[in-house]
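Report on the structure given below.
The values are calculated or read from the model by the stated rules, or taken from the named source; none is laboratory data. Since this is a predicted model, take the numbers as computed values, not measurements. With ideal geometry, Cβ positions are generated from the backbone for all residues, glycine too; neighbour counts draw on all protein chains shown. Only protein heavy atoms, including side chains, enter the accessible area calculation; ligands, DNA and RNA are left aside. Shrake-Rupley method; radii C 1.70, N 1.55, O 1.52, S 1.80 Å.
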Amino acid sequence: MTENYIYTITKKESLTNSIYLMDVLAPRVAKNCYPGQFVIVKMDEKGERIPLTICDYDREAGTVSIVFQSLGSSTKLMAEYEEGEAFRDFTGPLGHRSELIDMPREELSKLKILFVAGGVGTAPVYPQVKWMKENGYDVDCVIGARNKDFIILEDRMKKYAKNVYITTDDGSYGFKGNVNDCIKELVFNQGKQYDLVIAIGPMIMMKFVCLLTKELGIKTIVSMNPIMVDGTGMCGACRLTIGNEVKFACVDGPEFDGHLVNFDEAMKRLQMYKSEEGRVILRKREGDTHHSNDCRIHAE
Amino acid sequence: MDVLKKVPVREQDPKVRATNFSEVCYGYNLEEAQAEASRCIQCKNPKCVSGCPVSIDIPGFIKEIGNGDVEAAFKVIGKYSALPAVCGRVCPQESQCEERCIRGIKGEAVSIGKLERFAADWAREHNIAPEMPELTNGIKVAVIGSGPAGLTCAGDLAKMGYDVTIFEALHEPGGVLVYGIPEFRLPKDTVVRTEIENVKALGVKIETNVIIGKSITIDELMEEEGFQAVFIGSGAGLPKFMGIPGENANGVFSANEYLTRNNLMKAFDAEYDTPIIAGTKVAVVGGGNVAMDAARTALRLGAQVYIVYRRSEAELPARVEEVHHAKEEGIIFKLLTNPVEILVNDNGWVSGMRCIEMELGEPDASGRRRPIEKKDSEFVLELDTVIMSLGTSPNPLISSTTKGLEINRHKCIVADETTGLTSREGVFAGGDAVTGAATVILAMGAGKAAAKGIDEYLKAKNN
Ligand SMILES: Cc1cc2nc3c(=O)[nH]c(=O)nc-3n(C[C@H](O)[C@H](O)[C@H](O)COP(=O)(O)OP(=O)(O)OC[C@H]3O[C@@H](n4cnc5c(N)ncnc54)[C@H](O)[C@@H]3O)c2cc1C
Ligand SMILES: Cc1cc2nc3c(=O)[nH]c(=O)nc-3n(C[C@H](O)[C@H](O)[C@H](O)COP(=O)(O)OP(=O)(O)OC[C@H]3O[C@@H](n4cnc5c(N)ncnc54)[C@H](O)[C@@H]3O)c2cc1C
Ligand code: SF4
Ligand code: SF4
Ligand code: FES
């Protein structure tokens, strides 16, 4: 697996049985990255370019942490990489850093912020919460997932957030309910007030959080994860409708005002290669039979 | 042999090549090349040279081919161009060197491009590479972007003894030569990679995966990493869209995305993991080289393909050879036609494109006749894929992160034509980043001029 590639995996940790954290040696990225930005990983010569949010970084050690869920063919392959092995390509940092970092300190100190993390979306929330604490600001954080097995980074988050609220769809851990149920509980029953929500997770979750916060009148920032190719503004694959404008998530985002995002369009676009992705998996399992039409139908 | 005519070049049969990604044109063999070389009358005052943006000594190298000394021919070209196998293939020769060739007055011009390509291919096949310069001065120069402008500038500077590093955002060097122009016109592993290796052989270092403006800024390169001058050859990579309804539907791509998936990411090759939606009925909107490349790629992936262009055939900006090849392969041209709306089905996928017929009116500012809509001429093309090929503009990543770098209203970097100098001291630029989307050889010309400009600047500074 490892040819003479330079982006060495210095640490691998499995957070759940399908979610992994890796520290990767990439000094140029580590030196200049900030919370909110992402990298693109290409595992080997024939692999896809996979965008992943920066979960943490160590400027001195020159490493960047990524967290990924092994879902499809590429992320399943990524899960097979072990410590000491290396990726062929690791590019970044891409996209804009979180706007919190560039906000006037005075303004920031007045904001009551609630982070809402869904599933593997906890990973991109974590560095922002950490940055806030390290710069002297307290924030609250909701972490939601299907069940207990998908809750990640809980201990780390507790180190930096003032309050961490866990919620699971099936009630196997923490509150029972989705993140919106939890937000409602905090706002309506516990009398919490927030000026800003930062929600990162599956698009469907971000969509519903935005519907709720719009009702509540709370400004909401989301981090969009559309299909990408280059990540530098060259292909337009990542385009989204924000308000009345078309934006490229990789260079204009990935964070946007959630109340302006056209989520329905974005979710449809995310499905674009699903059947094609199925083909790749099929090809790997069954050999070179993917050209027949049968397989395509099969894959859908 | 008819001296008024070019020695014909062998090509893959259109029916066969429409189903594969192998190169369309086979090029000359030695015998054919020598016969073609004999058509050059070795003008004392060769007009062809003035048509070449890098002023290659054309009669000089053709003479060596005529003599059968191909290595000598390659060395003559090498003095002027670092990418002859590329230019011989993709230069618009018919409007440059060959347009001015004296032979063209009474017959067909000498096939300068095909001869240049022959010399370069021959050198590659015989493992002849340029030699490392003997003297190095240790002065560090950074080059941003590894397209033709960057490679040429880097190669020339290395020959002058500079310590040059190219920074490239993507995972492979080559710029448009790798991600844009398809395999069937410009083979990647053989032709492009070899010419890049030749630039490396001059001592140029290439660092991929570095995005200037994100991974590191120009200011940091100069202040922290000791680069005394910087050349920006970052191209014009930002795709334009039309802004019509339905353009964000599934199945609508920019030509850049479609071509990148297929060229850089090799989606056509089952060994690679890249997915591509080939489409079964595809419309490519636009009429330039990029549109032809996207159309011919879709065709090879098995689609029925239309080119939708709002002016007439005479105005097609693509090279004549490419239009000719596209037609031979079975691309359907819908000329004088403009899209109005992309129709979308319930799943969010393209189902068709509503178009309107156009007619040509008075010439506009560009001198071309302006297309005007014909009343009540709307019709619907049934499609599942639309590829937008409407041109590109320079990416603002660098200009927005470099202090004091002036750009014009087209977002192009302002640079002096003869030296490449920008509004920032020590920072030079050239190629598509300065001119907007143009050609390989113009980008190379700009890279060359800037190398000279940088050398003069650094000599003055370090004295
Ligand atoms: C800016 C950005 C940041 C991202 N950060 C992370 C991250 O930190 N951790 C992480 O695990 N993933 C992240 N993603 C998503 C990740 O890139 C994709 O999940 C991955 O490319 C899927 O590859 P695959 O081949 O394994 O799965 P595929 O075979 O493509 O898909 C597997 C399943 O995942 C779904 N899927 C595909 N793309 C996405 C997506 N972008 N988001 C959510 N679901 C998707 C598909 O619908 C499918 O059901 C990010 C994406 C972007 C654009
Ligand atoms: C599909 C297609 C077909 C074409 N066909 C022809 C043809 O037949 N004949 C012809 O003469 N011309 C053709 N052209 C045009 C020609 O390819 C370009 O004019 C030429 O490549 C421009 O060269 P360049 O070096 O300025 O830029 P590019 O080739 O665009 O190279 C720029 C490089 O810079 C990199 N880069 C950009 N930003 C950064 C950054 N911030 N940091 C680091 N690196 C960065 C890019 O990734 C890229 O590799 C075609 C173009 C396309 C797209
Ligand atoms: S580089 Fe291009 S223009 Fe110059 S001689 Fe060669 S083909 Fe002609
Ligand atoms: S103009 Fe034509 S004939 Fe004259 S030197 Fe050039 S290629 Fe030869
Ligand atoms: S990923 Fe290509 S433009 Fe954003």
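Here are some notes:
- Sparsely packed loop sites in segment A:5-67 (the GluC sites (Glu not before Pro) outside DSSP H, G, I, E and B with at most 12 other Cβ atoms within 10 Å) comprise A:GLU60.
- Radius of gyration, Dmax [segment B:253-360; alpha carbons; angstrom]: 14.2, 47
- With respect to chain A, whose longest principal axis is taken over its alpha-carbon atoms, helix A:122-134 is tilted by about 50°.
- Put the Cα centre of segment A:67-97 next to the Cα centre of segment B:338-370 and the gap is 41 Å.
- Subtracting the Cα-Cα distance of B:GLU197 and B:GLU125 from 0.36 nm times their residue separation leaves 24.5 nm of extension gain.
- With the highest mean first, a sort of the peptides A:117-129, B:79-91, B:300-312 on other beta-carbon atoms found within 10 angstrom per residue produces A:117-129, B:79-91, B:300-312.
- Modelled FRET efficiency - R0 22 Å, B:LYS374 with B:ILE244, Cβ distances, 0.05 increments: 0.80
- To the nearest 10, the accessible area of B:ASP269 is 50 Å² with a 1.4 Å probe.
- Take the Cα of B:VAL3, step 7 Å toward its Cβ, do the same at A:HIS259, and the gap between the two points is 8.1 nm.
- Amide H contacts under 5 Å for B:ILE144: B:PHE167, B:PHE231, B:ILE232, B:GLY233, restricted to partners 5 or more places along the chain or on a different chain, H placed in the peptide plane at 1.01 Å from N.
- Computed [θ] at 222 nm, deg cm²/dmol, chain A (DSSP H ≥ 4; -39,500 (n - 2.57); rounded to nearest 500): -8500 deg cm²/dmol
- Computed from backbone phi, the HN-Hα couplings of segment A:12-20 come to 10, 9, 9, 7, 9, 6, 10, 10, 10 Hz, rounded to whole numbers (Karplus: 6.51 cos²θ - 1.76 cosθ + 1.60, θ = phi - 60°; Gly and Pro given as x).
- Contour minus Cα-Cα distance for B:LYS47 and B:LYS79 (0.36 nm per residue): 9.6 nm
- With the cut-off at under 17 Å, measuring from each backbone N in segment A:168-187 to a point 7 Å along the Cα-to-Cβ line of A:ILE204 picks out A:168-171, A:177-181.
- Residues whose placed amide H lies under 5 Å from that of A:ILE221, excluding near-sequence neighbours: A:VAL197, A:ILE198, A:ALA199, A:GLY258
- For the pair B:ASP69 and B:LYS106, the difference between a 0.36 nm per residue extended length and the Cα-Cα distance amounts to 10.4 nm.
- Over chain B: helical MRE at 222 nm, DSSP H runs n ≥ 4 each giving -39500 (n - 2.57), nearest 500: -9000 deg cm²/dmol
- By accessible area with a 1.4 Å probe, ligands and nucleic acids excluded, highest first: order of B:SER95, B:SER393: B:SER95, B:SER393
- In Å², nearest 10: area of A:MET78 left accessible to a 1.4 Å probe: 0
- Sparse-neighbour loop sites [GluC sites (Glu not before Pro); segment A:88-127; at most 15 other C-beta within 10 Å; DSSP]: A:GLU99
- Shown here for segment B:355-410: trypsin sites (Lys or Arg not before Pro) in loop regions (DSSP other than H, G, I, E, B) with at most 14 other Cβ atoms within 10 Å, namely B:ARG368, B:LYS374, B:LYS375, B:LYS403, B:ARG409.
- Per-residue HN-Hα couplings for segment B:457-463 [Karplus 6.51, -1.76, 1.60; θ = phi - 60°; Hz; x = Gly/Pro]: 4, 6, 5, 5, 5, 8, 9
- Amide H contacts under 5 Å for B:GLU341: B:ARG354, restricted to partners 5 or more places along the chain or on a different chain, H placed in the peptide plane at 1.01 Å from N.
- Acute angle (nearest 10 degrees) that the helix A:203-216 long axis makes with the longest principal axis of chain A, alpha-carbon atoms: 20
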